[in-house]
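Novice: Got a structure for you, questions after.
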Amino acid sequence: MMTPALSVLDLVPVRTGQTSAQAVAASLDLAQRADDLGYRRYWFAEHHNMPAVASTTPPVLSAAAAARTSRIRVGSGGVMLPNHAPLVVAEQFAALEAIAPGRIDLGIGRAPGSDPVITQLLRMSGTTSDVDRFPDHIRDILALTSAEGAGYRLTGRPDGDDRYSVHATPAATGAPEVWLLGSSDYSAQLAAAFGLPYVFANHFSGEGLDRALDLYRQGFQPSEHLDAPRTFLTANAVVADTAAEAEERMLPQARMMARLRGGRPLVALETVEEAARAEASDHLAAPLIEALRRRWFVGAGDEARTAVTAFATAHGVDEVMISPVAGAYDAEPMDAPAGRARTLELLAG
């Protein structure tokens, strides 16, 4: 089996007692470590109003990560396009491409990344995308970030010329690489029709993985962006020096996901010790945690590396994007990634 390339998906976790500044500092340290270890790309997710997640603005975090790294690709995994005007997204990522030429990825998703209240607030505070026009807005972003720009027809111009050209940046010499993200048939089929690379969000929901990959590969139409299907998979991983430690570090994130899926109030990510104490009396979370555990890569280094390689081989991909979800012990520094960094180190071998 060929060892897959490895990448990182970061939600910038926030644990009990940790400030946003400390959480961001830890994630930027992790991005620098991933760069040193030879990881291929480092993506930030977009989530809103979650006590355990500080990754609300992928473009801002990507700029900070680009400044701290020299080789690794950085970007979004992903920008939730219905929350934003396409021109704003195009301008943000065109600016990132100018900051770090040839190293920017623009992963785009169709989900809101939060609840209906946040979606309403986003629409109140600015022009956001109509989810039903998602394909049109993807076309707009591809055109706006290109060197040629996008052409529009506007009626009522004083000079009588209805042609109008728009560029996300004045003189682009390169463009961010656009990826479509999703966990449904829709996103797989859209990526195939557009001839774009595609990522199935396996870290969030493994349901429908094989069908989505088949739809993408079978329906792929070559384009100016890509001549053959290109995809990789995401996966949650907790890797430690011993299997026992990995199991302990898994519990905080698993309990947070169980709360989310069970519709219970969200809190900051528990420490390992807090999660262990709470688990003894929390019978509601146990079945959900066990289901999650079967989909994650949890174990010591050799075991986890073998499992990730087998996973990539089974699904015909040459890259796996790891979401390092190892929890922290009480005594570990607030501004360092600790167990998450060890996960990356051990998977890199």
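Okay, residues lined up against (1) in contact (Cβ under 8 Å) with a residue 60 or more places away in the chain; (2) loosely packed, with under 15 Cβ neighbours inside 10 Å; (3) touching an Asp or Glu at 6+ places or on another chain (Cβ under 8 Å):
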| site | (1), (2), (3) |
| --- | --- |
| 208 | no, no, yes |
| 220 | no, no, no |
| 226 | no, no, no |
| 237 | yes, no, no |
| 241 | yes, yes, no |
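Novice: So, one more: Take residue 215 and decide whether it is closer than 25 Å to residue 205 by Cβ, within 23 Å of the chain's Cα centre (by Cα), modelled with pLDDT of 95 or more and outside any strand (DSSP E or B).
Specialist: It is true that residue 215 is closer than 25 Å to residue 205 by Cβ, within 23 Å of the chain's Cα centre (by Cα), modelled with pLDDT of 95 or more and outside any strand (DSSP E or B).
Novice: Given the criteria in contact with a Phe, Trp or Tyr (Cβ under 9 Å, 6 or more places away or on another chain) and closer than 30 Å to residue 177 by Cα, does residue 272 qualify?
Specialist: Judged against the criteria, residue 272 is not a match.
Novice: Looking only at the range 175-190, which residues are open to solvent by 30 Å² or more (accessible area, probe 1.4 Å), of a type outside the set (Ser, Thr, Tyr) and more than 17 Å from the chain's Cα centre (by Cα)?
Specialist: 175, 185, 189
Novice: Hey, another quick one. Out of the strands (runs of 3 or more DSSP E) lying entirely within the range 44-154, which hold 1 or more residues that are modelled with pLDDT of 95 or more, within 19 Å of the chain's Cα centre (by Cα) and surrounded by 21 or more Cβ atoms within 10 Å (Cβ to Cβ)?
Specialist: 73-80, 104-109
Novice: Is it the case that residue 193 is at pLDDT 95 or above and open to solvent by 20 Å² or more (accessible area, probe 1.4 Å)?
Specialist: yes
Novice: Looking at (1) loosely packed, with under 15 Cβ neighbours inside 10 Å; (2) in contact (Cβ under 8 Å) with a residue 12 or more places away in the chain; (3) farther than 22 Å from residue 214 by Cα, can you tell me which one residue 300 breaks?
Specialist: Exception for residue 300: condition (1).
Novice: Output yes when any residue across the range 162-173 is modelled with pLDDT under 90 and of a type in the set (D, E, K, R), and no when none is.
Specialist: Yes, the range 162-173 contains a residue that is modelled with pLDDT under 90 and of a type in the set (D, E, K, R).
Novice: So, in the range 261-288, how many residues would count as being of a type outside the set (D, E, K, R), open to solvent by 20 Å² or more (accessible area, probe 1.4 Å) and under 28 Å from residue 345 (Cβ atoms)?
Specialist: 2
Novice: Which residue out of 249, 255 is closer than 23 Å to residue 50 by Cα, buried (at least 17 other Cβ atoms within 10 Å of the Cβ) and at pLDDT 95 or above?
Specialist: Going through 249, 255 in turn, the sole match is 249.
Novice: I would also like to ask the following. Report yes if residue 199 is in contact with a Lys or Arg (Cβ under 8 Å, 6 or more places away or on another chain) and at pLDDT 95 or above, otherwise no.
Specialist: In short, no.
The values are calculated or read from the model by the stated rules, or taken from the named source; none is laboratory data. All figures in this text were calculated on a predicted structure; none of them were measured in a lab. Quick reminder, even Gly has a Cβ in these numbers, built from the backbone with ideal geometry, and neighbours come from all protein chains shown. Areas reflect the complete protein model, heavy atoms only, side chains present, ligands, DNA and RNA absent. Shrake-Rupley method; radii C 1.70, N 1.55, O 1.52, S 1.80 Å.
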